[in-house]
1. Residue pairs, Cβ under 9 Å, 6 or more apart or interchain, first in region 102-127 and free of Cβ contacts under 8 Å to residues at least 12 places away in the same chain, second open to solvent by 40 Å² or more (accessible area, probe 1.4 Å) and part of a strand (DSSP E or B). List them.
2. How many of the residues making up region 591-604 are open to solvent by less than 40 Å² (accessible area, probe 1.4 Å), part of a loop (DSSP other than H, G, I, E, B) and closer than 14 Å to Ile572 by Cα?
3. Among the numbered conditions (1) of a type outside the set (Gly, Ala, Ser); (2) buried (at least 23 other Cβ atoms within 10 Å of the Cβ); (3) free of Cβ contacts under 8 Å to residues at least 60 places away in the same chain; (4) under 19 Å from Leu220 (Cβ atoms), tell me where Pro173 comes up short.
4. List the strands (runs of 3 or more DSSP E) inside region 234-314, counting only whole elements, that have at least 2 residues being of a type in the set (Val, Ile, Thr) and buried (at least 16 other Cβ atoms within 10 Å of the Cβ).
5. State which residue is surrounded by the fewest Cβ atoms within 10 Å (Cβ to Cβ) when the search covers only region 513-541 and only residues that are closer than 11 Å to Glu571 by Cβ and of a type in the set (D, E, K, R).
6. Could you check region 134-152 and list, in sequence order, the residues that are more than 17 Å from Tyr99 (Cα to Cα) and open to solvent by less than 80 Å² (accessible area, probe 1.4 Å)?
7. Would you call Ala607 open to solvent by 70 Å² or more (accessible area, probe 1.4 Å) and at pLDDT below 95?
8. All but one of (1) aromatic (Phe, Trp, Tyr); (2) surrounded by 22 or more Cβ atoms within 10 Å (Cβ to Cβ); (3) at pLDDT below 95 hold for Tyr221, so report the exception by its number.
Amino acid sequence: MKSRKTACTFFCALGFFVLASFCSCAGKKAEIVDFELDLFIDDDIYIGEVRNFSLRNINGEVIEQVGDNGEITFLGDTPLESSEESSNIYHATVPAGEYRLFEDGKDTGAFFTTDLKHDKAQIVYCSTLAYARDAILANTDTAGIFLVIKDKTFVNLGYDNPLIVASGQINSPVNIDLSDCPNMTMGYRGFYGLKNLKSIALSLDMNTLGKESFAFCSSLYRVEIPNSVQTIEGGVFEACTSLTEIDVGTKNKSFYSENGILFDKAKRTLVAWPSAAGDVVVPENILLLNDYCFAGCTSLSSVRMPGVVTVKPHAFKDCSSLDKVEFSSKLESIEKNVFEHCDLLQDIKIEEENTVYSSNKGQLLSYDGTVLYAWPSAKKSVSVADSVTRIDDCAFQNQSGLVQITLGKSVREIGYQAFSSCPDLSIVIMSNVAIIETYAFEKCTSLKQVELPANLRRCDGGAFAECSSLTSISVQDGNRTYKAQNGAIYSADLKTLVEWPAASGSITVPDTVEAIAPYAFNRNYNLKKVVLKNVKSLGHHAFDNCTNLSEITLNEGLASIGTHAFANCLEIKKIVIPSSVNTIKNYAFWFWNADQTIACRSSSVPAEWDFAWDADCDAKVVMSYSE
C-alpha cells in the first residue's frame, strides 16, 4: 500500500507540474487545489477499510498517466489518497474545476466543484432523511456533498420535502442516492427548483415520478431512473437544461433513454429532452410529443418533427429562443398551450398535404383557416384575418407584449381562456362576436374598457374574472341580450347580474336583480361587503375565492345557492342563511374553517339541500338561528 501511494503521489506531482506549465504557456492561469474528501455515517466519522476513490474532470483535463516518453494524457482519473491518520479522510491535488467521483473505477454519480475557496467535500451515509437534512445544512459553502440515504420508513417526497428546504439554504452542489430507500414515493414537486442539485439516484422501488418532480433544477446533470418506475407525470424535467445524462434501468418496461433523451419503451413517445438546444430533429419513429417534453429549453432554436402525429400541452413552453417549427402531413392533433411563452416563434411550417392544420405568418390555423389555435409571436397591435371565425381555447393565453387586438368581422366565437393572463392587453375590438366563453379575458389586468358587440348572444360567467381595472363596459346598440351599467354586465331585462369585474369595497346589488350568474364575482379580491335585496338564486362559483369578502347579507326570498358559491371566502365570520333557501348545492362553503359560522334560519336542514352541501367545510353550523 505504501509503495502504491508513493508512486501515485510522484506521478500526480509530476503531472500537475507539467499541467501548470501547459496552462501557463496557453495563457491560462491554473488554480491547483489540495482537495479533501471526508466520510461520515450520520453525524459520526466513517470507520472502516480504506476506499479506492478517484476524481475525473468532466472536461477531460485530469492527468491519467505519464508515458515512457514523458507525454501526458489529460483524460484520466486522479486517485484520492487516504490520510495516514484516518480512513475517513482522502486527499488529491487537482486543478480547480468540476469533477465526477469514482470508486473502484465505477461512477458514483456524484459531482464536486473545486477551487481555492471550495476545497472540501463530503460523503455522508444517512440512516434517515433527518440526518441527510442536517448534513446538508452543515455544508454551507463547500465543493459539494454526496448523500447516500438508507431510510427504511415510508416517505413521500412532495413539495414539503425537507431536503429541498435544507438545500435551498446552501450554495454547495448536492448529490443524492435514494436507491436503498424501499418505501419512498415521489409526489408533486418532490425536488422542484433545487438549483444546486447535481445528481440523483431514485429508490429502486419507486414506481411514479410526480408532476414537476425536478422542474427548474437548473444544475441537474444526471438522473438514475430504476426498473420499477412505470409512470412519469408532466413537467418532471421542465427547465433542467443541464440534464444530459438520464440513466434508465435496462429492465425498465416503460421507459428507455438515449443520449440524454427520455422515450417510452417502444420509442414512439418523446417523454423529455431537457437539454435540447440549437436546431434539432425529432426521430421519425416518434409519433407523440409528451406534455412539457421541451419545456424550458431556452437555447432551442428550431425543431423538425417528420413523424409526429400528436403534440400534448405545454410541449414547447418557455422555449424563449425557438423561432421555427416544422410539422409533416402526419400531424393530427396539437393540444392547448403548446407554444406558451415562445415569443420569437414566427415560422410555423405545416406540410401542404396536411388535412387538419395550416399556418400563415406565425399563426397556427385549422386546415381551412377558420379557427385560430395559436399566434405565439403576436405583439403590440395585431389584427385577426376575416377568414377566422373562432379564436380557440387558450390561443393567446399568457402572452405578454400584446397590447391591442382587432378581431376580423367573421370572428364569432372567443374560446375558453383565449386571452387569459395577457397582462398588457388594453384594447380589444370585436365587431361581430356572438359567444365569449368562460375566462376568455381573465387576468387581463391592463384592460380598462370594453365594448360588447350588438351580435353578442352569450357571455359566460367569469369571462372577465380578475380584470380589476375594467371599470368601463358598454354594449352596442341593438343588442337584445345584454346591458351594461356602472361597470357591470346584466341581462337585457336587468334581472340577471352576469358579471361585475371591478366591483370593490362595499356594494349593493340593484333591486332589479333576481339572479347572480355563475362566476359573477369569481376571484374578486377587492370586494369586502355585499348586500343582496331581491335575489332568488346564486349561481355556482358566484363568490368563489373572494378572499377579502368579510360580510354578505342574503335577502329573505333567496331560494338556491349553487355549488362552490362561497368557496374559500375565509374572511366571512358569519353568514346567515334565510329560511327561504330550499336548495344548496355540493361544496357551497368549501374550505371554510372552524372560526366561521353558517347560521341557518331553518330549524333543520331541508331535504332538498344536497348531501354534501357542507362537504370539506369545518365551519360551525347553527340551526334555528335568530338575532
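The values are calculated or read from the model by the stated rules, or taken from the named source; none is laboratory data. Not measured: the values here are computed from a predicted model. Positions of Cβ are generated from backbone atoms using ideal geometry, with glycine treated the same way; all protein chains shown enter the neighbour counts. Ligands, DNA and RNA are stripped out before the accessible areas are found, and what is left, the full protein with its side chains, is counted by its heavy atoms. Shrake-Rupley method; radii C 1.70, N 1.55, O 1.52, S 1.80 Å.
1. Here the result reads Asp107/Arg56, each pair linking region 102-127 to a residue that is open to solvent by 40 Å² or more (accessible area, probe 1.4 Å) and part of a strand (DSSP E or B).
2. 2
3. (3)
4. Strands (runs of 3 or more DSSP E) meeting the threshold: 245-248, 269-272.
5. Per the stated criteria, the residue is Lys529.
6. Matches in region 134-152: Asp134, Ala135, Ile136, Leu137, Ala138, Asn139, Thr140, Val148, Ile149, Asp151.
7. The answer is yes for Ala607.
8. If we test Tyr221 against (1) aromatic (Phe, Trp, Tyr); (2) surrounded by 22 or more Cβ atoms within 10 Å (Cβ to Cβ); (3) at pLDDT below 95, just (3) comes out false.
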